[in-house]
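The values are calculated or read from the model by the stated rules, or taken from the named source; none is laboratory data. Nothing here was measured: the structure is a model prediction, and the numbers come from that model. All Cβ positions, glycine included, derive from the backbone under ideal geometry; neighbour counts span all protein chains shown. Accessible surface areas use protein heavy atoms only, side chains included; no ligands, DNA or RNA. Shrake-Rupley method; radii C 1.70, N 1.55, O 1.52, S 1.80 Å.
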Amino acid sequence: MQIMRIIEVVEYDDDWPRLFEMEKLLIISSLPIKNLWVDHIGSTAVSGLSAKPIIDVLLEVEEIEILDGCNEIFESIGYECKGEFGIPGRRYFQKGGSERSHQIHAFKKDSENSIRHRAFKEYLIAYPLVAKEYARLKLEVAKNCNDDIGAYCDGKDEFVKMHEKHALDWYKNA
């Protein structure tokens, strides 16, 4: 039986960057990988943006398969290893169980998906009115989704897809 998580969007927390930095140090010090890039992504990385209180971590490596041998290490620092979890070429890790606190999206360095994540974050920072509109949408969808993560994601999908396209065009030309 799967435990249903409460879908909660909260006001921006000034502590989120510090929580990311602490996790980044833990990840870097735990993994025996020479070339490793760790970035804060998602809404918790955008100052002032309301978000689900889960720190999103972008982890990039030169070869994604190298992470397949690190599952015991991830488990030892509190992560559940989920494999690709619906996105080919990704390795996904969750921390905190039903009270999730962090999630890692790992990709090959400069892959299409890693660039997409980074571009969307930077775009929201550069365009605060878009970020404000996104916050309003997330709060509304969270309030009306009955704690159904699928409904929550569907409620944001059109907005995210449209702005991801703008973000990628903007990012590539910046």
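Things worth noting here:
- Number of positions in region 6-61 that are surrounded by fewer than 19 Cβ atoms within 10 Å (Cβ to Cβ), part of a helix (DSSP H, G or I) and not polar (S, T, N, Q): 9
- For beta carbons closer than 7 Å, sequence separation of 6+ or different chains, a first residue in region 106-134 that is closer than 24 Å to Tyr12 by Cβ and open to solvent by less than 40 Å² (accessible area, probe 1.4 Å) and a second that is small (Gly, Ala, Ser) and assigned to a helix (DSSP H, G or I), the qualifying pairs are Ala119/Ala167; Phe120/Ala167; Lys121/Ala45; Tyr123/Ala167; Leu124/Ala131.
- Among the conditions (1) without any contact (Cβ under 8 Å) to a residue 24 or more places away in the chain; (2) of a type in the set (Val, Ile, Thr); (3) over 29 Å from Pro128 (Cβ atoms), Ile73 misses just one, which is (1).
- Scanning region 62-105 for residues that are open to solvent by 20 Å² or more (accessible area, probe 1.4 Å), hydroxyl-bearing (Ser, Thr, Tyr) and modelled with pLDDT of 95 or more yields Ser76, Ser101.
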